[in-house]
Structures are given as C-alpha cells and as structure tokens.
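Peer 1: Have a look at this one before I ask anything.
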Amino acid sequence: MSFYINRRQFIKSATAASLFTAYGAYGHHLMFPSQKIKVGLIGTGWYGKSDLLRLIQVTSVEVVALCDVDKKMLNEASKLITQRNKQSKPPHLFTDYRTMLSSEEMDIVLIGTPDHWHALNTIEALKAGCNVYVQKPTGVDVMEGEAMIKAAEKYNKVIQVGLQRRSTPHLIDAKKNVIDTGLLGKIGHVDMCCYYHMRSNGTRNQKPIPDFFDYDMWCGPAPKLDYTGLPHRQWWRARMEYSNGVIGDMCVHMFDAVRWMLGLGWPKSVQSKGGIYIDKGGYANTSDSQTAIFEYNDFNCVWNHRTWGTPTDPEYPWALFIHGEKGVLKASVKKYEFISTDGKNHIKKDVVYEREKFPEDLTEKDIELHTAPATRGHMLDFLSAIDQGSKPIASIQEGHISSASCIIANISMELGKPLQYDPNSYSFVNDDEANQYLARNYRQDWKHPHPKDFI
C-alpha cells in the first residue's frame, strides 16, 4: 500500500499542523493517507497497546486484528482500541499469530511480545506482506537478528525497531546543537548506566495454569519452565530463558542513542563482567550488577547497571554521558545538559510532553508520558519510510547492531572473555566456543531462523 500525502489537506488539518510544529524535521513526512491503513498487533500487553495508541494518534488507522495468548488481556485491549480509535466494529481476535497473519490483510503489524518471540513474529509478518514495527531488542540471540535483516530484504518490507530515543525531541536537539556543532571537541569516553530497581525477584511457586492463558504458546520456541503465575510486565524479563536481562532491556536504548548520535557501527570488541552479587535467591536468574565495554577505535562506551543501591548521579539514573575534551553531554529520557570544561557554557533542555496537543495521554493507563512524543515521532518516521521506500531511523540493520552488541555482552560475561563479532561471516573471530552461543536452542517443533534461509 502506498500512503498518499496530500499537502494541502495536511496543512489544513489541525492535528497535522500541531504535529508539524511538534516534530519539526518530521513534519514534511506526516502521512495523510487516502484510505485507512490496516493494522494488526501481536502482543496486547502494556507496550503493545501503547505503541498502537501512538500510531492511532498520528495517522488514519483501521485496527483489523489483535493477537495474544492471554484471552483476558486480548479482550480488554479490543475494547480499549475500539473505543480510542472510534471504530464501528472491533478488531478480529486471535490467540495464534500465524492464524492472524494468514487470515487478515494488513499493511502494518506491530509486535509487542516478549523478546523470545520477536524474530518469529517479525519474519512471519514479513512473509505475509506486512511492514513491521517491532519492540526492542530485535531478539534473544544474534542469529535471530541476522535472519530478520535478510527476511526484510527478501520480502522488500520496512522494519522499524522500537528504539525511539532516535526520535526523542530533546535528544534530537542535543545531537543537532551539541554533537553535530562540535561543542564537545574530540570525544574520548562514553558512560552509560541504569540504576533502576527493576529486576523482579522474590519467590514464585508452581501454580495451575488458568484456562484463559495458553502458557505453552507463550513459551513457544523458548524453554517451558514450571508455570508460576502470569509472566507479564517485568517477570519474564527476570529470566534469561525469555530475555537478556537489564542489559538487553535498558542498555540497548542508551547504546543505540550513543551510536546514532556519534555515527558508530559495530564495536571492535565487547567484554562484560557481572552477575548476581546482592539480590541472591528468588526467581530471577539475570544479573543484578553488570559492566560492559563496547570498544571503538578512539574511545570506549562503558555500560553499568545495578538493580540495587543508589545512582552515581541521582539526576541521571538511566542515562548516557559523552565526554569530550571541551565538555560533557549528559542525557536521559527526561533531559539533557551540555557543560563545557571551563564552566562558561551550560546548555539544558527538558523533555517534551505534548499534554495540551494530546490530552488523551493524561487519562491513558500506565502511559509513559515522557516517551509518548518520541514514539509518535518514531511512528511518523516509520510511515515515511514505507511511503518513500527508504530505511527508517531505527532500521532492522541499526536495531540489530545495538541489540546484538548487548546480547554479545551477556555471552562475554558467561564465557569470561572479550569477543569480536564479524557480521560478514556471522561468527566470532577465531572462537568456536563462543560461536555455539550465537543461536539458542529452540523447543519442540519450532525452527530457528538463519539468514541463509532468505537468500
């Protein structure tokens, strides 16, 4: 489907005009489709719904299908989306994404499932002729991301990865007015961190599986652990079987923002140390403390997370710090500051909220108000890439580098050595042991994708 941009109609639209002002550079890409875009969502939990609601705010959409293995969550999402999108009929509901994709014609599919499902959901949607917006990280292992790149190329579709720091208004400003103008001078070091107490732990005992929840399908290609209650929100992220822990959840955002701001590709090498040092016992098997070094030619990007204690800088508990000879750029999802080395220049900008432009944000359950403008911008960029046949700002190629680098950090922590990944050969350099970790074992009849499948 080609999205027709009617410039005159666009300028007359109050909503479009407000978005034009809000997004500046994105304004000329705003979509004004001649017919509603048909959209489906796989994974109707917190962030799946949030992404879909942001898309609804920036273009004309018909939500034709929703899919989730939790029927309660699925039905709740259907009521919410039908109401918010003012649809005359609710979307069709599915519990198996394969059935949804074979039954419905859709232009776009959004994917908000847990990490262990991202690759299979995405590839099947591409095969069905859909463009895809998939949450980060791209998958749970390196080879999944490589396969997603090749699948997008084979089926000639657009993938936007949910790394919306690239579309965050105040961070766009920081890149333009601090990085690109050279205020930092020569850059010599980057720090990144997250000190949120976000690692779900505690005791979880085996329970009977409720009849509204298909636990076997929720596990899918991943190991099927004993059922200990609904895994939604942070609980599944506490297990390495379904995620890559805090580094796969939070580092990927900050590392991707650094790569975007500084124009960085693959790191030369990745090494990481960490483990469970404080919050021992309980359900979680992800690290509560971890340091990773992403090495580049002229400097290192260093990540630290602790899910205990206090932040090193209380004003920047989840952030990046780019250190140059002339100053430092501190940036988070809430603000940025440039402070020159001599103390004479101090630039500061806060997050954009857009409460007045989108008052419905204020009544939306669990919304991240500070992230909503970034996601709207990210959706507009996604639509523009579809319309123009170009790569979006967080393309699958870029999203894979950021995601895989964080996954490689976990492999390095597991093996206790630095690793060099060669994307051309899909292998670690001279390291057969590490190569065994590039693709996780899939369960039962699920087949692990490989980039060679799409040649």
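The values are calculated or read from the model by the stated rules, or taken from the named source; none is laboratory data. What you see is a predicted model; the values in this text were computed from it and never measured. Cβ placement follows ideal geometry from the backbone for every residue including glycine, while neighbour counts extend to all protein chains displayed. The protein model used for the area step is the full one, side chains on, heavy atoms only, and it has no ligands, DNA or RNA in it. Shrake-Rupley method; radii C 1.70, N 1.55, O 1.52, S 1.80 Å.
Peer 1: Could you compute the net charge surrounding Asp422? Neighbours are other residues with a C-beta less than 15 Å from the C-beta of Asp422; K and R count +1, D and E count -1.
Peer 2: Surrounding charge for Asp422 is -3.
Peer 1: Out of the chymotrypsin sites (Phe, Trp or Tyr not before Pro) in segment 152-232, which ones are loop residues according to DSSP with at most 16 other C-beta atoms within 10 Å?
Peer 2: When the chymotrypsin sites (Phe, Trp or Tyr not before Pro) of segment 152-232 are filtered for loop state and at most 16 Cβ neighbours within 10 Å, Tyr196, Phe212 remain.
Peer 1: Collect residues whose amide H, placed 1.01 Å from N in the peptide plane, falls under 5 Å from the amide H of Leu41; neighbours closer than 5 in sequence don't count.
Peer 2: Ala65, Leu66, Cys67, Leu110
Peer 1: For segment 305-450, what is the accessible area per residue in Å², given a 1.4 Å probe and the full set of protein chains? Show your work: numbers first, answer last.
Peer 2: Working: 6870 Å² over 146 residues.
That works out to 47 Å² for each residue.
Peer 1: While we're on this one: Cβ under 9 Å from Asn285's Cβ, Asn285 left aside: what net charge do those residues give with Lys, Arg +1 and Asp, Glu -1? It would help to have the intermediate numbers written out before the result.
Peer 2: Numbers: positive: Arg239; negative: Glu241.
It works out to a net charge of 0.
Peer 1: With the alpha-carbon atoms as the only input, what is the per residue convex hull volume for segment 34-141 in Å³? Please report the intermediate quantities before stating the final value.
Peer 2: Values: hull volume 9.8 nm³, N = 108.
Dividing the Cα hull volume of segment 34-141 by its residue count gives 91 Å³.
Peer 1: Once amide H atoms are built 1.01 Å from N in the peptide plane, which residues 5 or more positions from Gly327, or in another chain, come under 5 Å H to H?
Peer 2: Correct list: Thr341.
Peer 1: Give me the percent of accessible area attributable to carbon and sulfur for segment 351-455, probe 1.4 angstrom. Don't jump to the answer; show the numbers that get you there.
Peer 2: On the way: 2210 of 4930 Å².
With neighbouring chains kept in place, the figure for segment 351-455 is 45 percent.
Peer 1: Let me ask you something else. Within the chain, which is the longest segment containing none of the GluC sites (Glu not before Pro) that sit in a DSSP loop and have at most 11 other Cβ atoms within 10 Å?
Peer 2: Details: sites that count: Glu315, Glu325, Glu356.
The longest uninterrupted stretch comes out as 1-314.
Peer 1: Please tell me the relative contact order of segment 131-258 in percent, rounded to the nearest whole number, where contacts are Cα pairs under 8 Å and at least six residues apart. Walk me through the numbers on the way to the answer.
Peer 2: Working: 92 pairs, mean separation 38.1, N = 128.
In percent, rounded to a whole number, it is 30.
Peer 1: Can you give the helix-only mean residue ellipticity at 222 nm for the chain, where every DSSP H stretch with n ≥ 4 adds -39500 (n - 2.57) and the sum goes over all residues, rounded to the nearest 500 deg cm²/dmol?
Peer 2: Numbers: 13 runs with 137 residues, N = 455.
Estimated from H runs of four or more residues: -9000 deg cm²/dmol.
Peer 1: Run the 1.4 Å probe and let me know the accessible area of Asp387, rounded to the nearest 10 Å².
Peer 2: Approximately 40 Å² for this residue.
Peer 1: Taking 18 Å as the cut-off for C-alpha to C-alpha distance, list the pairs among Lys391/Lys447; Lys175/Lys349; Lys175/Lys326; Lys176/Lys330; Lys175/Lys348; Lys36/Lys86 that go past it. Before the final figure, lay out the partial values.
Peer 2: Numbers: Lys391/Lys447 28 Å; Lys175/Lys349 12 Å; Lys175/Lys326 16 Å; Lys176/Lys330 15 Å; Lys175/Lys348 13 Å; Lys36/Lys86 13 Å.
Violating the 18 Å Cα-Cα cut-off are Lys391/Lys447.
Peer 1: Moving on to the next point. Based on the Kirkwood radius over alpha-carbon pairs, what value in µm²/s does the Stokes-Einstein equation return for the translational diffusion coefficient of segment 143-298 at 25 °C and 0.890 mPa s? Before the final figure, lay out the partial values.
Peer 2: Numbers: Rh = 18.8 Å.
For these conditions, the coefficient is 131 µm²/s.
Peer 1: On to the next question. Using a 1.4 angstrom probe with every protein chain in place, what is the largest-first accessible-area order of Thr99, Thr113? Walk me through the intermediate numbers first.
Peer 2: Numbers: Thr99 65, Thr113 20 Å².
These residues rank, largest area first, as Thr99, Thr113.
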